[in-house]
Amino acid sequence: MNTAYAVAPQAPGALGTDVDQREILRYLDALITWKDRRRTELDALDQAAMGLTTPLEQHAVTADVTLSMTLWQAVCERLELLTATWDSGRVGESERRRITTLIWGSLEQVGSRGSGQALAVSLPEACRLSDSLASSLRSRLRLDGTDPDVTGRLRSLRQTVERVADQVALIPAGRRDSAAQVYLALDARLDDITERVQRGADVGGLIAPLEARAAMTERDLIVAASARAHARVDHARATREANELSARGLAVRALAERARQALSPAPTLGIPDVTALGAIPADPDELTAYLSKLERVDRALSMAQSTYAAALARREDLITRAGRLRDALREGSDARAAMSGLVAQSQVLIDTSPTDLTQLEALVQAQETFARTMGVSL
């Protein structure tokens with residue numbers, strides 16, 4: 001699209017799909033152009049924002065200028081990964097699928113968590129949001145000239161409001177009312193301004209506030225959509241991990257029961273039951289806490305598994321050493337006669353369930369020491 005300002009290019013494919021190399025090349029070229037043009041625009045917006053004369057005016061645009069810069073930086077970082085994966089066109093199917101995953105997957109962190117600007121959006125969403133913010137800032141800072149193109153601004157506003165409608169439609173029906181009311185208010189206000197223009201009225205002072213409201217609404221809806229997407233991913237992850245931990249828990253409990261039946265003394269570590277955590281929550285904050293609990297269950301299961309497995313392995317090692325000693329004693333030898341009592345005691349312990357590991361280890365060590373003293377090669 002040939003415009004006076006940078007416009008986000010159309011991204012190819014979908015998450016993880018394979019697309020034609022020519023489409024990828026076209027997108028990368030267009031994205032590089034978009035990045036360079038947007039950087040120039042952002043420099044101009046930043047300069048204009050610093051030139052505002054009142055703190056109130058500065059505060060009104062500083063947050064959006066900062067967010068715009070942050071979005072641009074995030075796009076640049078993802079573009080570096082795309083370019084590296086593209087490798088001057090030396091790509092096969094797996095690399096092409098990796099590229100669409102990088103395009104449509106979430107940007108790790110746009111902004112700082114806790115700053116109110118922590119976004120987790122895809123690359124195309126970040127570019128479109130940057131377009132919307134830049135358009136709003138240009139209007140509010142009057143960078144389009146003292147006599148702006150009202151028709152063009154209204155057309156751009158209509159596009160923003162329609163994007164807002166698209167975002168509202170993505171919200172689950174039960175939680176859509178407040179966002180729908182905001183959209184209806186924006187739409188009605190835009191219709192009112194458009195009618196005023198058709199009647200020949202001066203609307204110069206009415207458009208900028210509506211542009212700002214529309215841009216902020218679109219940003220908030222994109223952030224909310226991203227949060228919902230992350231919540232779905234986290235819920236799926238929690239479901240998968242809970243199922244895995246449940247299966248592991250059953251296996252570790254079986255291992256522990258084996259140890260208790262075979263060993264004395266047996267370890268006494270507790271084995272957590274992931275089902276005790278209850279149902280997987282839907283609330284994002286509760287889900288984050290639930291995932292933290294799953295991590296603790298995972299660590300506890302790993303420790304229990306290694307402890308019980310080590311105890312059983314200790315028994316097997318002692319049995320192996322006792323067998324090696326018995327085999328090393330030649331029939332009729334003095335060593336065999338001298339150690340027969342110890343060998344018999346060891347075998348009794350091995351055949352007894354649960355096996356007293358403390359006594360068995362003492363007997364095996366005594367036999368090994370005696371055998372070395374008698375010159376028996378182990």
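Observations, loosely collected:
- Thr307 vs. criteria touching a residue at least 40 places away in the same chain (Cβ under 8 Å) and either assigned to a helix (DSSP H, G or I) or closer than 24 Å to Gln367 by Cα (or both): yes
- Filter result for Glu218 (acidic (Asp, Glu), open to solvent by less than 70 Å² (accessible area, probe 1.4 Å) and within 30 Å of Leu137 (Cβ to Cβ)): yes
- So Arg176, is it under 39 Å from the mean Cα position of the chain (by Cα), surrounded by 13 or more Cβ atoms within 10 Å (Cβ to Cβ) and without any contact (Cβ under 8 Å) to a residue 24 or more places away in the chain: yes
- Scanning the range 351-362 for residues that are surrounded by 14 or more Cβ atoms within 10 Å (Cβ to Cβ) and in contact (Cβ under 8 Å) with a residue 40 or more places away in the chain turns up Pro354, Thr355, Asp356, Leu357, Leu360, Glu361.
- A residue that is without any contact (Cβ under 8 Å) to a residue 24 or more places away in the chain, open to solvent by less than 60 Å² (accessible area, probe 1.4 Å), of a type in the set (A, V, I, L, M, F, W, C) and in contact with a helix residue (DSSP H, G or I) (Cβ under 7 Å, 6 or more places away or on another chain) can be found somewhere in the range 330-350.
- For the range 241-259, the condition of being open to solvent by less than 20 Å² (accessible area, probe 1.4 Å), at pLDDT 85 or above, β-branched (Val, Ile, Thr) and touching a Leu at 6+ places or on another chain (Cβ under 8 Å) holds for at least one residue.
- Of all residues in the range 1-37, those satisfying the criterion of being of a type in the set (S, T, N, Q) and open to solvent by 80 Å² or more (accessible area, probe 1.4 Å) are Asn2, Gln10.
- Under the condition of being in contact (Cβ under 8 Å) with a residue 40 or more places away in the chain and in contact with a Ser or Thr (Cβ under 7 Å, 6 or more places away or on another chain), the residues counted in the range 274-304 number 1.
- When Leu301 is tested against (1) farther than 30 Å from His230 by Cα; (2) of a type in the set (A, V, I, L, M); (3) surrounded by 14 or more Cβ atoms within 10 Å (Cβ to Cβ); (4) at pLDDT 90 or above, just one condition goes unmet, and that condition is (1).
- Test: Val376 is open to solvent by 20 Å² or more (accessible area, probe 1.4 Å), more than 30 Å from Pro172 (Cβ to Cβ) and either part of a loop (DSSP other than H, G, I, E, B) or in contact with a Phe, Trp or Tyr (Cβ under 6 Å, 6 or more places away or on another chain) (or both): yes
Each row is one residue, and each column tells you yes or no for (1) closer than 30 Å to Leu294 by Cα; (2) open to solvent by less than 40 Å² (accessible area, probe 1.4 Å); (3) of a type in the set (A, V, I, L, M).
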position: Val168; (1), (2), (3): no, yes, yes
position: Ala180; (1), (2), (3): no, yes, yes
position: Asp187; (1), (2), (3): no, yes, no
position: Thr194; (1), (2), (3): no, no, no
position: Val203; (1), (2), (3): no, yes, yes
position: Ala208; (1), (2), (3): no, yes, yes
position: His235; (1), (2), (3): yes, no, no
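- Total residues in the range 38-77, condition among the acidic types (Asp, Glu), at pLDDT below 90 and loosely packed, with under 15 Cβ neighbours inside 10 Å: 1
- Just one of the listed residues (Thr275, Thr288, Thr239) is of a type outside the set (Asp, Glu) and over 18 Å from the mean Cα position of the chain (by Cα), namely Thr275.
- For the range 267-291, a residue qualifies if it is open to solvent by less than 40 Å² (accessible area, probe 1.4 Å) and outside any loop (DSSP other than H, G, I, E, B), and the qualifying residues are Val274, Leu287, Tyr290, Leu291.
- The range 78-104, residues that are among the charged types (D, E, K, R) and either in contact (Cβ under 8 Å) with a residue 60 or more places away in the chain or loosely packed, with under 15 Cβ neighbours inside 10 Å (or both): Glu80, Asp87, Arg90, Glu93, Arg96, Arg97
- Filter result (part of a helix (DSSP H, G or I) and in contact (Cβ under 8 Å) with a residue 40 or more places away in the chain) within the range 190-206: Thr194, Val197, Gly204
The values are calculated or read from the model by the stated rules, or taken from the named source; none is laboratory data. It should be emphasised that the depicted structure is a prediction, and the values quoted were computed from it without experimental measurement. Every residue, glycine among them, receives a Cβ derived from its backbone with ideal geometry; neighbour counts consider all protein chains shown. These area figures cover heavy atoms from the full protein model, side chains too; ligands, DNA and RNA do not enter into them. Shrake-Rupley method; radii C 1.70, N 1.55, O 1.52, S 1.80 Å.
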